[in-house]
Amino acid sequence: MKKIDWPLLIVIALFLLGGGAFFYFVKVSAVTLVNPESAKQTLIKIAPGEEFSLFYTHSIYDALVSEEFRAGQDEMILIGVRTNHAGVKEYYGFEGSEEFHFIKRTFKNPIVIKIGAGEGQGIGAGGRRLFLREIGQKGDRIELRIREYSLATFIILNAFQ
């Protein structure tokens, strides 16, 4: 009969428990996009306070617009709107010819975005660009949230995207 090396087993068990605790207690912030119509969910990892943008083509002027946000804790802060088109600037009530117009407006979770008829509507976050048509179709309402997840939850949710 082979003798059991208890100290080694205890060290291995503590190592496994410590690793599990690490994955449970380490937190990750993410931009979370949920399509309630299809139960599709996409998570994009971002750093706390990191900027991200919603981009689209303005339906009246057929011009590119980017709404730029900063991630807060369970909220998003709109920091400005970027466009080169004079008509879009007038539509939004911006004065001046600069491309970027500063705004400071806080939105609580979630922001609901309706997928439009045109192409090119999406989000840029965490070094990634995601088009809303990848998670829904025209007319679907996408819920955009900033959420904090445990690292374990984030990994599991990303594995099933």
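What the table below lists for this structure:
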{"item": "Lone unmet requirement of (1) at pLDDT 90 or above; (2) out of contact with any helix residue (DSSP H, G or I) (no Cβ under 7 Å at 6 or more places or on another chain); (3) closer than 23 Å to E37 by Cβ for T106", "result": "(3)"}
{"item": "First in the range 81-93 and touching a residue at least 12 places away in the same chain (Cβ under 8 Å) and under 24 Å from G124 (Cα atoms), second anywhere and acidic (D, E) and not in a strand (DSSP E or B), Cβ under 6 Å, 6 or more apart", "result": "R82/E99; N84/E99"}
{"item": "Every pair of residues 6+ apart whose Cβ atoms lie under 9 Å, when the first sits in the range 104-132 and is closer than 11 Å to V31 by Cα and free of Cβ contacts under 8 Å to residues at least 60 places away in the same chain while the second is part of a strand (DSSP E or B) and of a type in the set (S, T, N, Q)", "result": "N109/T32"}
{"item": "Some residue of the range 86-96 being surrounded by 13 or more Cβ atoms within 10 Å (Cβ to Cβ) and either of a type in the set (D, E, K, R) or at positive phi (or both)", "result": "yes"}
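The values are calculated or read from the model by the stated rules, or taken from the named source; none is laboratory data. Fair warning: this is a prediction, and the values are worked out from it, not measured in the lab. Note: ideal-geometry Cβ built from the backbone for every residue, glycine included; neighbour counts use all protein chains shown.
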